[in-house]
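To keep things clear, I will list the structure first and then write my remarks on it.
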Amino acid sequence: MRKVASVNEIWTEKYRPKKLDDVVGQKHVSERLKAYVASRNMPHLMFSGPAGTGKTTCSLALAREMFGGEWKGNFIELNASDERGIDVVRGKIKEFARTAPLGGAEFKIIFMDEADALTSDAQAALRRTMEKYSGICRFILSCNYSSKIIDPIQSRCAVFRFKPLTSEDIGGYLRKIADAEKVDIDEEALKGLVIISRGDMRRAVNSLQVAASLGKKIDLDTVYQTAGIASPKAISGILDAALKGDFIKSRDLLDSTMIDFGLSGQDIIRQMHSAYFDLSLTDSEKVRLIDKTGEIEFRIVEGSNEKIQLEALLAYLVMIGGSKR
Ligand SMILES: Nc1ncnc2c1ncn2[C@@H]1O[C@H](COP(=O)(O)OP(=O)(O)OP(=O)(O)O)[C@@H](O)[C@H]1O
Ligand SMILES: [Mg+2]
């Protein structure tokens, strides 16, 4: 019987590249990994970089290419920040390392996610574990910040830095998925998804899937609504009204935008902040505005009434605008 794809299949898994050659961007990484495959050997590796840029994907593809059909028996994925602690991790590593690699391979691969979540004591324990099993296992440590990994571990690994994916890379990949899924998305909406994703392919693909789940035609409004982000147009509407001195209109727009897009005070202030650079203000006005925004954002984060704080920010914008009129 033909296997029917589940309607609820998660696209990030469905479209996760299986081969190193299919990984988008990160050529500086995949080319070196391919050289390891060719030599049938590798040192311990450390993959550092932002979320959703291919660290887990490259580890899986590397294992597939290194071990072929037997890869699953020679690869284990562990989460270093597992709440049960490094002891459980050590137990699992011991168990995994106890049996010989399959298919004539010389070693097995232990992929350890979120290595930077370990305390330095736990990292010291991990370092001893790495040494103990280095004859039969190679570690790939994945982290967002390599600076949080202790030096003795870093110096035992070849370090690979993953970069946020470029707009072209993300846009091209989303277009391929949209075509394969027969999703009708216009160029403007696709660009919106790219902006929202900020270099994170997981976020990009997930946002596309959520938008597509609402209907087969996706426009820019759908994209922003499903992503829980206000459209840049809505944000600039609020700012423009305040700078022109229309406080009431700007406050009404703020309220409706927060409701329409389901935003918190923190969400909207961050979006306003990133829109400041497009405002026609002098540098010194922008500096004052950013200083004020920092203060208000801090108060909101600390739990002060966000409506009062956001209105204070709008009032400040009215004052800055007033000095120009
Ligand atoms: N470079 C890439 N090329 C193609 N798809 C990618 C790439 N990076 C990420 N993806 C997509 O995003 C999903 C998540 O990627 P992955 O698990 O590799 O992220 P990660 O870098 O390990 O992130 P985290 O730091 O959150 O663990 C993948 O399933 C895949 O669909
Ligand atoms: Mg990962």
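Just so it is clear, none of the values below were taken in a lab; they were calculated from the coordinates. Since the model is a prediction, treat every value here as computed from it, not as a measurement. Here the Cβ is made from the backbone with ideal geometry for all residues, glycine too, and neighbour counts use every protein chain on show.
Below is a table of values for the structure above.
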item: Total charge dipole magnitude, the chain, about the Cα centre, Cβ charges on Lys, Arg, Asp, Glu only, Debye to nearest 20; result: 1260
item: Local electrostatic count at ARG98 - Lys and Arg +1, Asp and Glu -1, tallied over other residues with Cβ under 15 Å; result: +4
item: Contact order normalised by residue count of the chain, Cα under 8 Å, 6+ apart, percent; result: 16
item: Footprinting exposure proxy for SER81, SER39 (fewest neighbouring C-beta atoms within 10 Å first); result: SER39, SER81
item: Whole-Hz couplings from phi, Karplus 6.51/-1.76/1.60, listed for region 97-103; x for Gly and Pro; result: 7, 5, 9, 5, x, 8, x
item: CD proxy at 222 nm, helix term only [per DSSP H run n ≥ 4: -39500 (n - 2.57); per residue of the chain; nearest 500]; result: -17500 deg cm²/dmol
item: Degrees, to the nearest 10: 247-261 long Cα axis against longest axis of the chain; result: 30
item: Long-range tail of P(r) for region 1-125 (Cα pairs > 26 Å, %); result: 30
item: Whole-angstrom gap from region 117-176 to region 241-298, using each part's C-alpha centre; result: 38
item: For LYS108, distant residues with modelled amide H under 5 Å away; result: CYS137, ARG138
item: Pairwise label distance in nanometres, ASP184 with LYS34, each label 7 Å out on the Cα-Cβ vector; result: 3.9
item: Under 14 Å from the Cα of LYS27 - aspartates and glutamates, other chains or at least 8 residues apart; result: ASP169
item: Which of VAL205, VAL88 has the fewest Cβ neighbours within 10 Å, and the rest in rising order; result: VAL88, VAL205
item: Estimated dipole of region 167-227 in Debye, rounded to 20 [Cβ of Lys and Arg +1, of Asp and Glu -1, Cα centre]; result: 240
item: Percentage relative contact order, region 90-239, counting C-alpha pairs under 8 Å, at least six apart; result: 17
item: Relative contact order %, region 11-161, counting alpha carbon pairs below 8 Å whose residues are six or more apart; result: 32
item: Region 95-121 residues near the modelled ASP87 label - backbone nitrogen below 18 Å, point 7 Å along Cα→Cβ; result: 95, 118-121
item: Max mean-square fluctuation residue, GNM over the chain, Cα-Cα springs under 10 Å, options LEU243, LEU281, LEU45; result: LEU281
item: FRET efficiency, 1/(1 + (r/R0)^6) with R0 22 Å, evaluated for LEU214 and ASP255 via beta carbons; result: 0.35
item: Rg(Cα) / (2.2 N^0.38 Å) computed for the chain, rounded to two decimals; result: 1.23
item: Selection from PHE139, ILE238, LEU214 lying farthest towards where the dipole of region 109-239 points positive, charges on Cβ; result: PHE139
item: ARG64, ARG138, ARG32 arranged by Cβ crowding within 10 Å, fewest neighbours leading; result: ARG32, ARG64, ARG138
item: GNM top mover of LYS18, LYS292, LYS163 - the chain, alpha-carbon springs below 10 Å; result: LYS292
item: Listed residue pairs exceeding 29 Å between alpha carbons, taken from LYS34/LYS72; LYS55/LYS191; LYS217/LYS307; LYS94/LYS163; LYS176/LYS286; LYS163/LYS244; result: LYS217/LYS307; LYS94/LYS163; LYS176/LYS286; LYS163/LYS244
item: For region 167-227, the spread of Cα positions along each principal axis, largest first, Å; result: 25, 23, 18
item: Length gained when the stretch ASN79-GLU95 is fully extended (0.36 nm per residue, less Cα-Cα span); result: 4.2 nm
